[in-house]
Structure formats: structure tokens, C-alpha cells
Amino acid sequence: MANLSILAGKTYFIRTFGCQMNLHDSERVSGLLDSCGCLQASEPADADIVIFMTCCVREAADTRLYGQCSSCKSLPAPPSGRRVVAVGGCIAQRDGEGLLTNLDNVDVIFGTHSITHVADLLAAAFEQGGHQVRTEEIDTGEATDMPWHRETTYHAWVPIMTGCNNFCSYCIVPYVRGREKSRPMDEIVDEVSALVRQGVRSITLLGQNVNSYGRDQGSGPRFAELLRRVGDTGIERIYFTSSHPKDLLPETIDAMAEVPAVMPQLHLAVQSGSSRILKLMNRRYTREQYLDLVQRVRAHIPNIALTTDIIVGFPGETEEDFEQTLTLVDEAQFAQAFTFIYSKRAGTPAAEIFDPTPREVIQQRFDRLVKHVETTAYAFNQHSLDTVVPMLIEGSSKKNDRILQGKSPWNQTVHCPIPDDYETHELVGQVLDVHIDTARTWYLSGNAVGNPR
Ligand code: SAM
Ligand code: SF4
Ligand code: F3S
């Protein structure tokens, strides 16, 4: 054990890439460093400790680390005279010590299973120098016991499980995050109750596939029950992500419809509209089953904002396969879709499939898909015109500090001028009713009705 007191007074900066799991891991690392007396810096240049929380889901995320990490070399020395650079997250888990071959200024490497050890590793780097590396898959300590530094006062990410058992053929996540492991339900409910007492109004339950929550614990309670119990804590808004379509049970749809705090939003990643490609992707549902599920969800929650992830250019995708994705987008009427060009990930089964499709064709398909998504997103937002939407205020708009920005229950971005006699900072985390008079593809805007609450 290194002497943690060496960390007291040191400044740190964390840059996070990738998904909400990494964001939340960064909040835990930050909480741990705060508890050791470290102070957050706003720039890498001011930090004694720079941490990169990395992602390797696509090649672009991989490459970004190398640029950012190398740029640390040219920074002036920090106030304390010595800077320690640490790499955590999914690339660290995948490459471990191998990272040192290309990144000669890295001092600490910690994997996704080792975040409880970050303070020790950093202290050892300051005390002893050399490289401190820890990426064991079975590691001691539960990250969920760690203190936690939240970025906002009104919203919290709440992991309910880690890992993934699905092994979609293109995806690296199960290799870098391990197998599914659910947190005990009582622990999650207690955590949400504590958040409510601290004034948090909105939470997002996190897992790579929340629909398989509890399955690793035998015949115990499942996701639908978790939603109901979390709904009883007094939290005002519950979101969750991600949901694998093959595991979305009728009892979960019932709970979504019946628990008032569960917001009318569902992220249901489809990946492709072609059953042939879905089979090659190992997704274990067909186009027809997906669309049938969408219909069942809409029958219970008619105004739901359905969002999705779509991959274009999976190896061997034909024009016909791709057109099926376009028609599925039109039929499902997504409120939003995260669209990705397939990225070959070494070690995954899809990386072995030969792909004759030229890069330009894939790019053109991607652009066509984006246009379809923009059309359905625009259509979804039109339903909000001339309605009053409760906006949870997040801050001011990037372009104009007299315009408030927040989220509707459907997770749409909403803009509204600041009501007279208020400043933005007083309103962050409050709910304001907004009468919507403009609905664009990616946001709504309107005017305040009544007072913030
Ligand atoms: N577990 C989540 C699910 O299944 O909905 C997805 C998590 S993954 C971090 C987010 C998205 O990245 C996936 O839904 C998929 O669309 C995309 N993705 C994963 N691997 C990819 C790859 N090799 N190339 C391009 N996109 C990929
Ligand atoms: Fe990746 Fe599939 Fe697991 Fe999602 S469900 S993390 S896409 S393997
Ligand atoms: Fe990336 Fe790891 Fe998330 S690979 S998308 S940060 S689970």
C-alpha cells in the first residue's frame, strides 16, 4: 500500500471518452481523489495528475487517446513540479502494459476492474516513480462502495450492473468490461433514496443491457421490479440505458407504463433493419420481432420517444440490407438515433468477415441514413408544438446566456428565455413549464408558463 497522504493538495484533471459507464467511472475516480485531499483542475496544464478514461468501441476513440496523451508532453510543468499521467478505462483494460510501447509518457495504467486502486497506483507513482499497472479482471473491492463526485446536482448516473454477456459479433465491450454482474437491488434503491434526499430529481439507470438485470443472481428479482422499487423512492424522473430488444419483457413494458416516474423514453438499439445482418451480428432478433416489439411498447406508452443505435457498413452489408435499415427507421419513427460506421475491432468475430464494399459507398449510405433519422426526429418533435412541457433546467444555452436549456420528460432539449428576475444559476435543477412554439430537428423552444419549482 502506498502512502496516500502524498496525494493531499495535488490537483487532478480527468478527460473521459466513450459511454456513460466511463462517465460514471470517472465520477467515482474523482470522488476517490477528492477524499484523498486532491483538488480538481480545470485544465490539464494546471494538473499534477492527468487521467484519461479511454474507450475502444470504435477506432476513432482509440486514436484520440494517442493524440491527447502525447500532447501532455508539451505542457509546462504543474505547480508541484511533477505531473503523473494515468490511463484508465477500456483501452487500458484491453492493452495493459502494451500501451507503454506507444505512449512513453504514461506512468499509471488501470483497467475497468481496478478503479478502486487508482489512488494507490497514483500515490505509488509519485512515491516510487516507474510504471504502475493494474488490469486484473478479477480485482478486489467494489467500485460502487467508492465515494462519488457528481458533475451535476440534479441528475445522477446510477449503474445497476456492469459487463455484458451478449457478444454481438462486432463489439469489443464484453472483452473489456467482463461478464454481467448485477448490483443488489437494496443497494441500488438505498442509493437512489439517498440521492433524492440530496435533491437529485432525475436518474439514469445504467447497464450494457439493463433488461438482463438480476439474471446473474439466479431466480431473484428482475428489472421490472427494480423500476417499481426505484419509482417508490420519490425520484421524479427515471431513465435507463441500454435495453437489448431480445430481453425486453412484457412485465418491464407494464412497469414503464405504470410507474409515473419512469419517463416516456426508451433507448432500444436496433443496429440494422436487415434480419440477415442481424443474424451475422449475433443480435438474436429479427427485423419483424423488433418492429413487433416497437408496436407493443407504443400500445402501452403511445407517445414514447424511441431512440436507437444503428451501425452502417457491417461487413457484407448489401444495398438491399441497407435499404431495409432505412425502411425500419421510417416505420419505427425514432425520436433520435446514434448512427455509426462499422469499425473493425481486432479479436471480435466480425473482424474475420471479408468486406468488399468500398468505403465511399458506406459513407454515402451513412449520409442517407442520417437524412432519414433527421426526418423522423423532426416529425417526433412536431408533436410537442403548442403543448406545455415541463423542462428540467440544466443551465444556459451555449449560444446565448439569457436562454435557459433543459430537458423535457421525453429527453428532448428545450430552450426558453430566462424569466424576469432570475439568474441561470438559481434555476439549475428546477422544473419550469414551457409553452412550445418552435420544434426543430434537435430541439424545442418556447416561453415560460408560471414559476420554476
Ligand atoms: N450495450 C449497448 C446496446 O447493446 O445497446 C451498446 C453499447 S455500445 C457502447 C454503443 C453502440 O456502439 C452500440 O449500440 C453500437 O451501435 C456501437 N458499436 C459497437 N461496436 C461497434 C463497432 N465495432 N463499430 C461501430 N459501432 C459499434
Ligand atoms: Fe456490445 Fe452487444 Fe453487449 Fe451492447 S449488447 S455492449 S452492442 S456486445
Ligand atoms: Fe467505450 Fe468501454 Fe463504453 S469501449 S463505449 S467506454 S464500455
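Mind telling me which of the residues 204, 233 ends up being more than 15 Å from residue 293 (Cα to Cα), open to solvent by 20 Å² or more (accessible area, probe 1.4 Å) and of a type in the set (Val, Ile, Thr)? Only one candidate qualifies: 233. The set of residues in the stretch 247-289 being away from ligand 3 (no atom under 16 Å from the Cβ), open to solvent by less than 30 Å² (accessible area, probe 1.4 Å) and part of a loop (DSSP other than H, G, I, E, B) consists of 248, 259, 261, 263, 264, 270, 272, 273, 274, 281, 283, 285. If you go through the stretch 196-219 one residue at a time, do you hit one that is modelled with pLDDT of 95 or more, within 16 Å of ligand 1 (Cβ to nearest atom) and farther than 30 Å from residue 60 by Cα? Yes - at least one qualifying residue is present in the stretch 196-219.
For residue 26, all conditions in the list (1) within 12 Å of ligand 3 (Cβ to nearest atom); (2) open to solvent by 60 Å² or more (accessible area, probe 1.4 Å) hold save one; what is the number of the exception? Looking at each condition in turn, residue 26 falls short on (2).
Checking each residue in the stretch 308-345 for being of a type in the set (S, T, N, Q), under 24 Å from residue 250 (Cα atoms) and either without any contact (Cβ under 8 Å) to a residue 24 or more places away in the chain or open to solvent by less than 10 Å² (accessible area, probe 1.4 Å) (or both) picks out only 308. Return yes or no: is residue 37 in a loop (DSSP other than H, G, I, E, B), touching a residue at least 24 places away in the same chain (Cβ under 8 Å) and either surrounded by fewer than 17 Cβ atoms within 10 Å (Cβ to Cβ) or in the same structural domain as residue 344 (by TED's automatic domain parsing) (or both)? Against the criterion (in a loop (DSSP other than H, G, I, E, B), touching a residue at least 24 places away in the same chain (Cβ under 8 Å) and either surrounded by fewer than 17 Cβ atoms within 10 Å (Cβ to Cβ) or in the same structural domain as residue 344 (by TED's automatic domain parsing) (or both)), residue 37 qualifies. Within the stretch 6-21, the set of residues being part of a helix (DSSP H, G or I) and crowded, with 19+ Cβ neighbours inside 10 Å comprises 7, 21. For the stretch 349-404, residues that are open to solvent by 60 Å² or more (accessible area, probe 1.4 Å) and not charged (D, E, K, R) total 13.
The values are calculated or read from the model by the stated rules, or taken from the named source; none is laboratory data. Every value quoted in this text rests on a predicted model; they were computed, and no experiment measured them. Quick reminder, even Gly has a Cβ in these numbers, built from the backbone with ideal geometry, and neighbours come from all protein chains shown. Side chains are part of the model used for accessible areas, which takes the heavy atoms of the whole protein and leaves out ligands, DNA and RNA. Shrake-Rupley method; radii C 1.70, N 1.55, O 1.52, S 1.80 Å.
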